[in-house]
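Student: A single structure is presented below for examination.
No lab work stands behind these numbers, since they all come straight from the coordinates. Only a predicted model underlies this, so the values are computations on that prediction, with no experimental measurement involved. Note that we place each Cβ from the backbone using ideal geometry, even for glycine, and neighbour counts take in every protein chain shown.
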């Protein structure tokens, strides 16, 4: 822990020095920046300084599920989604169709379409299989394909779709 604190002290604008105390197994860092002492006890299990000894706290990030074609810019158009799954359930394909997507309005200022990104609190699912359809020389539709090769990828996709559909009022219709 002393090495970590020394590394942090060297890398920060605050100059600090470690002062080990043999009897109490404590270390103190004194900061010339504001005169505040920081004391951490050593334990058999490393834990952040100042954290209570109770059970660990789980931090959950809640993000509104979104779809993006340009990273950082949410697509406002709600897609039509078609799903296919193999009979043995090991793989599947989702085809998203966006009629008059908003990305066409903002791509001039924000840049090119770089892929298809499905973002939620678990992370990002992405694909580069994106195609634009043009009518009379003007962009009219985007189709994006997401391929799931394992049951785990299928389950992860379905969790995203459940969140996305709840956030955007979509319904599942089986054909």
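Student: Checking residue 160 against (1) more than 22 Å from the chain's Cα centre (by Cα); (2) part of a helix (DSSP H, G or I); (3) closer than 14 Å to residue 79 by Cβ, which single condition isn't satisfied?
Tutor: (1)
Matching residues to (1) surrounded by 15 or more Cβ atoms within 10 Å (Cβ to Cβ); (2) touching a strand residue (DSSP E or B) at 6+ places or on another chain (Cβ under 6 Å); (3) part of a loop (DSSP other than H, G, I, E, B):
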site: 84; (1), (2), (3): no, yes, no
site: 89; (1), (2), (3): no, no, yes
site: 98; (1), (2), (3): yes, yes, no
site: 104; (1), (2), (3): yes, yes, no
site: 109; (1), (2), (3): no, no, no
site: 119; (1), (2), (3): yes, yes, no
site: 132; (1), (2), (3): yes, yes, no
site: 142; (1), (2), (3): yes, yes, no
site: 147; (1), (2), (3): no, yes, no
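Student: Inside the stretch 69-82, can you point out the residues that are part of a strand (DSSP E or B), within 13 Å of residue 170 (Cβ to Cβ) and touching a helix residue (DSSP H, G or I) at 6+ places or on another chain (Cβ under 9 Å)? Don't jump to the end; show me each part of the working.
Tutor: Applying the first criterion (part of a strand (DSSP E or B)) to the stretch 69-82 yields 69-70, 73-74, 80-82.
Next, from what is left, pick out any that are within 13 Å of residue 170 (Cβ to Cβ): 80-82.
Residue satisfying the conditions is 81 alone.
Student: I need a count of the residues in the stretch 68-82 that are closer than 20 Å to residue 153 by Cα and surrounded by fewer than 18 Cβ atoms within 10 Å (Cβ to Cβ). Write out each step before concluding.
Tutor: In the first step, residues of the stretch 68-82 are kept if they are closer than 20 Å to residue 153 by Cα; the result is 68, 81-82.
Going one step further and asking which of them are surrounded by fewer than 18 Cβ atoms within 10 Å (Cβ to Cβ), we end up with 81-82.
Number of matching residues: 2.
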